[in-house]
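What follows is one structure encoded as structure tokens, with my remarks underneath.
The values are calculated or read from the model by the stated rules, or taken from the named source; none is laboratory data. What you are looking at is a predicted structure, and each value in this text was computed from that prediction instead of being measured. Because the Cβ atoms are built from the backbone with ideal geometry, glycine has one as well, and the counts that use them run over all protein chains shown. Each accessible area value is taken on the protein alone, full model and side chains, heavy atoms only, with ligands, DNA and RNA left out. Shrake-Rupley method; radii C 1.70, N 1.55, O 1.52, S 1.80 Å.
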Amino acid sequence: MILLLFASFVLLIAGAAAAAEPTGFGELDSDDFVSQSKCANCHAIIRSQWEGSMHAYAYTDPLYQAELQMASEETGGQTDEFCSRCHTPIGVLGGEVPPIDGSMASDVALEGVQCDFCHTVPEGAGIGDGAFISSPGDVKWGPLDDAPSAFHESEFNEFYTEAEYCGMCHNVNSPFNGLPLDDTYTSWADSQYAEDEVTCQDCHMTPGITQFEANPGRSASSAPKRDHISIHEIVGGNSFMLDVLSDGMYGEKAVERLQKAATLEVSVPNEAASGEEIIIDVSITNSGAGHKLPTGITEVRQMWLEVSVTDADGKQLYNSGQLDDEGNIEDAVIYHTVLADAEGQVTDKLWEAESIVSDNRILPKGTEVESHSFVMPEDSVDPILVEAKLLYRSAPQDMVDELFGEGTYDVPVVDMVNAYGSINGEADIPSEPTPGFGGILLVISMIAVACIYRTKK
């Protein structure tokens with residue numbers, strides 16, 4: 001019995017010793033990694049896609065940098081390595097970041113979450129908080145099992161097809177108390193998407209946006225044409241910073257993704273008399289996101305409904321969810337996470353968070369119903385139009401003004417989806433402009449002007 005107990009103890013110790021640990025600060029050298037500019041020699045299209053991703057701006061994102069600096073000052077540097085691990089992994093692994101001001105960071109560390117780092121992670125050591133194991137070298141891993149290369153070795157690694165790969169960073173827990181701060185992976189893992197084996201890559205690395213859709217092409221200039229090549233824009237919902245950092249080149253795709261994330265349905269009575277209380281029910285369904293909506297660091301993300309009621313003469317009878325002159329949301333439910341500090345006071349500073357006050361985000365495939373009401377005026381002109389808009393912005397305007405100064409950045413409000421209802425007849429629904437129609441009219445006008453000019457000559 002003693003021998004058996006001893007043997008069990010030895011096996012337990014051996015198992016613990018063999019458990020994978022994330023690669024730590026300063027364990028590698030930034031020279032172990034190849035710059036993304038070299039990858040472009042063969043992978044020009046994929047590199048250009050990566051340039052339009054928040055992965056490319058993970059470290060240089062000014063909103064991240066402002067929050068990082070504030071957190072560092074208020075915690076005495078306790079968040080420096082923790083935050084930097086996922087925003088400049090090479091900087092941390094190479095022992096160059098912290099310091100967080102980037103004064104010791106090499107050029108390759110400043111490239112954020114870049115090609116060579118991503119393709120030299122053979123496995124993870126768990127979910128969240130940068131639990132990656134890094135093994136830079138000649139072997140580059142990926143989802144293809146027949147991708148020979150003249151520059152480096154290529155090997156298939158199933159890990160690159162799994163949501164757990166993304167989960168290494170896209171789940172964040174407080175380094176002080178373990179409080180969940182970003183549950184993107186967890187909310188996916190608890191959803192029908194995970195049960196159906198629909199992974200992050202199926203939606204974020206294909207043209208399908210809300211489902212897998214093949215993207216035919218080549219992964220490298222000399223590679224064979226394949227039925228599907230993963231898209232490396234890996235777009236989320238951050239149209240704000242993508243637009244700012246790329247001079248307007250890349251924010252569009254984030255808007256498109258947001259516009260396919262949800263559906264709305266408006267329910268109103270067909271008829272109503274003057275003086276009657278009217279109930280408007282708006283159903284919001286998370287129909288296209290495999291995680292909660294919104295997701296990410298959601299103490300600052302804002303999603304809300306704007307509901308307006310107008311009569312046939314354009315007179316507004318009811319409104320909710322509009323912005324005031326300072327950019328604050330008026331009279332609306334905001335879908336996000338509310339955090340509190342040790343004194344129970346609401347805070348948007350992650351490093352102060354001790355508890356979650358509320359989390360009303362919409363689950364994958366889930367539906368939330370909002371009810372609004374107003375009294376029908378006697379002088380309203382029929383028919384009555386009810387319009388609901390689901391809106392989103394990456395951060396509150398007042399928070400951005402406080403960080404950067406008023407007027408530095410205008411945080412865009414994205415119109416995700418609209419829905420309409422009519423009371424006392426069929427109201428005219430505002431028409432959406434036909435994509436590209438303005439350009440067609442411009443061309444027609446130019447042709448007409450040219451014809452007139454020729455006629456006069």
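Table for the structure above
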| item | result |
| --- | --- |
| Breaking point among (1) free of Cβ contacts under 8 Å to residues at least 24 places away in the same chain; (2) more than 24 Å from residue 132 (Cα to Cα), for residue 222 | (1) |
| Qualifying positions in region 372-415 - aliphatic (A, V, I, L, M), in contact with a Lys or Arg (Cβ under 8 Å, 6 or more places away or on another chain) and in a strand (DSSP E or B) | 414 |
| Subset of region 292-316 [open to solvent by less than 30 Å² (accessible area, probe 1.4 Å) and more than 17 Å from residue 239 (Cβ to Cβ)] | 299, 305, 307, 308, 309, 311 |
| Which numbered condition residue 90 misses (of (1) assigned to a loop (DSSP other than H, G, I, E, B); (2) farther than 23 Å from residue 402 by Cα; (3) of a type in the set (Val, Ile, Thr)) | (1) |
| Condition check for residue 392: under 19 Å from the mean Cα position of the chain (by Cα) and aromatic (Phe, Trp, Tyr) | yes |
| Some residue of region 145-153 being surrounded by 16 or more Cβ atoms within 10 Å (Cβ to Cβ) and in contact (Cβ under 8 Å) with a residue 60 or more places away in the chain | yes |
| Residue within region 89-107 that is touching a residue at least 12 places away in the same chain (Cβ under 8 Å), of a type in the set (A, V, I, L, M, F, W, C), in contact with an Asp or Glu (Cβ under 9 Å, 6 or more places away or on another chain) and under 20 Å from residue 299 (Cβ atoms) present | no |
| Filter result for residue 213 (more than 22 Å from residue 41 (Cα to Cα), in a loop (DSSP other than H, G, I, E, B) and touching a Pro at 6+ places or on another chain (Cβ under 6 Å)) | yes |
| Residue in region 391-400 that is surrounded by 15 or more Cβ atoms within 10 Å (Cβ to Cβ), of a type in the set (A, V, I, L, M, F, W, C) and closer than 18 Å to residue 322 by Cβ present | yes |
| Elements of type strands (runs of 3 or more DSSP E) in region 261-312, at least 2 residues being within 20 Å of residue 396 (Cα to Cα) and touching a residue at least 60 places away in the same chain (Cβ under 8 Å) | 302-310 |
| Positions within region 216-260 being within 20 Å of residue 54 (Cα to Cα), open to solvent by less than 60 Å² (accessible area, probe 1.4 Å) and not in a loop (DSSP other than H, G, I, E, B), in sequence order | 239, 240, 241, 242, 244, 245, 251, 254, 255, 257, 258 |
| Given (1) in a loop (DSSP other than H, G, I, E, B); (2) open to solvent by less than 20 Å² (accessible area, probe 1.4 Å); (3) farther than 14 Å from residue 289 by Cα; (4) not aromatic (Phe, Trp, Tyr), number of the condition residue 208 does not satisfy | (3) |
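Rundown of residues vs (1) assigned to a helix (DSSP H, G or I); (2) farther than 24 Å from residue 36 by Cβ; (3) touching a helix residue (DSSP H, G or I) at 6+ places or on another chain (Cβ under 8 Å), yes/no style:
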residue: 170; (1), (2), (3): no, no, yes
residue: 178; (1), (2), (3): no, yes, no
residue: 194; (1), (2), (3): yes, yes, yes
residue: 202; (1), (2), (3): yes, yes, no
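Quick grid of which residues meet (1) surrounded by fewer than 19 Cβ atoms within 10 Å (Cβ to Cβ); (2) of a type in the set (Ser, Thr, Tyr):
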{"position": "56", "(1), (2)": "no, no"}
{"position": "63", "(1), (2)": "no, no"}
{"position": "69", "(1), (2)": "yes, no"}
{"position": "72", "(1), (2)": "no, yes"}
{"position": "79", "(1), (2)": "no, yes"}
{"position": "83", "(1), (2)": "no, no"}
{"position": "90", "(1), (2)": "no, no"}
